[in-house]
Amino acid sequence: MNKIFIIGNLTGDPDYQVSASGTPVCRFTVAVNRRHSSAQSDERTADFFRVTTFRKTAENCSSYLSKGRKVGVVGALQINEYTDKDGNRRTSVDVTADEVEFLSPRGEDSAPAPAPRASRGGATLEPVNDESLPF
């Protein structure tokens, strides 16, 4: 089974195209922060994944995503090797997305979402402060 789950931020605006057969294709790169910092410094490091989406998902990504937006991606991982214009062998890590979840709130680029306020049966539910729980 080849399945990958990543959560990160777009490094640039998505690139939307329509293939010769008429299939919508959208490509973008997601930066995923590593959980640990470098041993030599306190700088955080990131991995970069090129993501490709197709059809309706591609159309939605093109319409609603932009640089800095947070996304969750589920898909298949591909490792591709190629030769660049200078003759150097390169490797890229690509994800063919099955699902893309938009995680940034509308109208905000990378700010955290406010705590949700739900309504059920006419009553408004407030977030609970964990420190006030007796257990």
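Structural remarks
- Test: residue in region 6-13 that is farther than 14 Å from Glu99 by Cα, surrounded by 13 or more Cβ atoms within 10 Å (Cβ to Cβ) and acidic (Asp, Glu): yes
- If you go through region 80-97 and keep only what is assigned to a strand (DSSP E or B) and more than 11 Å from Arg50 (Cβ to Cβ), you end up with Glu81, Tyr82, Thr83, Arg89, Arg90, Thr91.
- Evaluation of Leu77 against (1) touching a Pro at 6+ places or on another chain (Cβ under 6 Å); (2) open to solvent by 40 Å² or more (accessible area, probe 1.4 Å) (one fails), failing number: (1)
- Region 34-60, subset touching a residue at least 12 places away in the same chain (Cβ under 8 Å) and over 21 Å from Glu99 (Cβ atoms), residue surrounded by the fewest Cβ atoms within 10 Å (Cβ to Cβ): Arg34
Conditions (1) closer than 16 Å to Val95 by Cβ; (2) modelled with pLDDT of 95 or more; (3) outside any loop (DSSP other than H, G, I, E, B), marked per residue:
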site: Gln17; (1), (2), (3): no, no, yes
site: Gly22; (1), (2), (3): no, no, no
site: Ala39; (1), (2), (3): no, no, no
site: Asp47; (1), (2), (3): yes, no, yes
site: Ser62; (1), (2), (3): no, no, yes
site: Lys67; (1), (2), (3): no, no, no
site: Val73; (1), (2), (3): yes, yes, yes
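- Flag for Gly87 being small (Gly, Ala, Ser) and on the phi > 0 side of the Ramachandran plot: yes
The values are calculated or read from the model by the stated rules, or taken from the named source; none is laboratory data. Because the structure is a prediction, the values reported are computed rather than measured. All Cβ positions, glycine included, derive from the backbone under ideal geometry; neighbour counts span all protein chains shown. These accessible areas exclude ligands, DNA and RNA; they are computed on the full protein's heavy atoms, side chains included. Shrake-Rupley method; radii C 1.70, N 1.55, O 1.52, S 1.80 Å.
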